[in-house]
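Read through the structure below, which is laid out as structure tokens, and then see the notes.
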Amino acid sequence: MEVIPLRLATVTYPSRHPRSGVGPVFAFLVRSGEGAVLVDTGIGPAHPLIDEAYRPERVPISDALAAHGLQVEDIVAIINTHLHFDHIGGNALFAGVPIYVQTREREAAHGERYTVREWVDFEGATYELLDGDAAIRAGLRALSTPGHTPGHQSVIVETEDGPVVIAGQAFETAGEFREAIEQPALHVDSAANAERLLEVAPLRVYFSHDEAYWEPEVPL
């Protein structure tokens with residue numbers, strides 16, 4: 001199995017946002033002999049409120065997949081780390097394809113101002129609801145990492161060389177993840193998730209909004 005980051009957008013964060021400046025929006029392509037899986041689907045089509053607030057520069061999913069010799073029709077499953085707008089924007093391109101998400105997250109997405117509702121409840125949306133840690137396919141599993149949202153999940157990919165983690169927004173950046181490991185007393189809200197991710201002894205950890213990734217300085 002192979003994990004390939006796909007940069008689907010670049011956004012400019014509004015002044016009220018906890019982050020500032022310009023940042024990426026990543027999805028992740030997981031390739032295996034059983035077919036291609038997408039973890040998250042980016043910021044989605046034009047939307048007046050999102051475009052005004054974040055000024056996204058989008059890369060169409062079809063173009064991002066084509067760069068790796070794939071088409072939209074080649075995707076056999078979607079895993080959403082959570083259901084915020086910048087992680088589900090392309091879901092509607094995959095009507096009928098199973099979308100794996102935590103039950104708690106699916107419920108939360110129906111709250112007011114949580115996400116773009118029509119990007120969750122589109123015609124042909126086929127949700128496979130998970131309750132906590134779960135195997136999804138051979139070598140691919142979800143790990144419950146609530147915090148950023150009630151039903152946030154990370155994804156563990158068993159590659160030939162060892163486990164690779166797609167952390168989503170369990171941590172905003174590689175630096176934040178490193179701090180949670182090194183100074184857990186200062187990051188009590190996220191230290192438990194850091195510990196859970198480290199338990200799989202990852203070779204690499206990717207994040208949805210950071211170009212950097214984390215790797216252990218010494219083998220775990």
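The values are calculated or read from the model by the stated rules, or taken from the named source; none is laboratory data. Being a predicted model, the structure only gives us computed values, none of them experimental. Cβ coordinates were reconstructed from backbone atoms using ideal geometry, including for glycine residues, and neighbour counts include every protein chain displayed.
Residues that are within 24 Å of Ala77 (Cβ to Cβ), surrounded by fewer than 15 Cβ atoms within 10 Å (Cβ to Cβ) and in contact with an Asp or Glu (Cβ under 8 Å, 6 or more places away or on another chain) do occur in segment 136-148. Checking each residue in segment 139-170 for being out of contact with any strand residue (DSSP E or B) (no Cβ under 8 Å at 6 or more places or on another chain), small (Gly, Ala, Ser) and closer than 21 Å to Gly33 by Cβ picks out only Gly162.
Within segment 115-132, work out how many residues are touching a strand residue (DSSP E or B) at 6+ places or on another chain (Cβ under 6 Å) and surrounded by 15 or more Cβ atoms within 10 Å (Cβ to Cβ). Residues flagged as touching a strand residue (DSSP E or B) at 6+ places or on another chain (Cβ under 6 Å) and surrounded by 15 or more Cβ atoms within 10 Å (Cβ to Cβ) within segment 115-132 amount to 2. Listed residues Leu93, Leu70; which is at pLDDT 95 or above, surrounded by 15 or more Cβ atoms within 10 Å (Cβ to Cβ) and not in a loop (DSSP other than H, G, I, E, B)? The unique qualifying residue is Leu93. For segment 30-47, name all the residues that are in a strand (DSSP E or B) and surrounded by fewer than 21 Cβ atoms within 10 Å (Cβ to Cβ). Listed by number, the residues that qualify are Arg31, Ser32, Gly35, Ala36.
For segment 73-86, the set of residues classified as under 9 Å from the mean Cα position of the chain (by Cα) and in a strand (DSSP E or B) consists of Ile79 only.
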